[in-house]
């Protein structure tokens, strides 16, 4: 898959602000929904941390990996609360500790 750094940057910014329309545009422009942001976390980490359930749902629908870990071995579920955590669990999301125990 070709790299689209500009689209990826736009996607990271749109995810941080919860801008669903901008996320859709960045994805249409070729952004990678599994791109890693600063700190090694994917966009789902940002959506989980910010409590952007709708954003998380869109990213998952576009193929985001719910169990991609960051450099510290944490998963998006470790950052999620409430409805966003429920959504991640519904899609098979696990904590970093559980993934490590499973040898992932």
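Values in this text are rule-based calculations from the coordinates and carry no lab data. Just so it is clear, the model here is predicted, and its values are computed rather than measured. So basically every Cβ, Gly included, is an ideal-geometry build from the backbone, and we count neighbours across all protein chains shown.
In segment 75-94, how many residues are more than 14 Å from the chain's Cα centre (by Cα) and either more than 13 Å from residue 47 (Cβ to Cβ) or buried (at least 24 other Cβ atoms within 10 Å of the Cβ) (or both)?
2
I'd like the full set of residues that are in contact with a strand residue (DSSP E or B) (Cβ under 8 Å, 6 or more places away or on another chain) and surrounded by fewer than 19 Cβ atoms within 10 Å (Cβ to Cβ), limited to segment 51-69.
If the condition is that a residue be in contact with a strand residue (DSSP E or B) (Cβ under 8 Å, 6 or more places away or on another chain) and surrounded by fewer than 19 Cβ atoms within 10 Å (Cβ to Cβ), then 65, 68 are the ones that fit.
Looking for something surrounded by 23 or more Cβ atoms within 10 Å (Cβ to Cβ), farther than 22 Å from residue 96 by Cα and either touching a helix residue (DSSP H, G or I) at 6+ places or on another chain (Cβ under 8 Å) or free of Cβ contacts under 8 Å to residues at least 40 places away in the same chain (or both) - is there at least one such residue anywhere in segment 16-26?
Yes: one or more hits.
Among the numbered criteria (1) under 20 Å from residue 95 (Cα atoms); (2) touching a helix residue (DSSP H, G or I) at 6+ places or on another chain (Cβ under 7 Å); (3) surrounded by fewer than 24 Cβ atoms within 10 Å (Cβ to Cβ), which one does residue 48 miss?
Every condition holds for residue 48 apart from (3).
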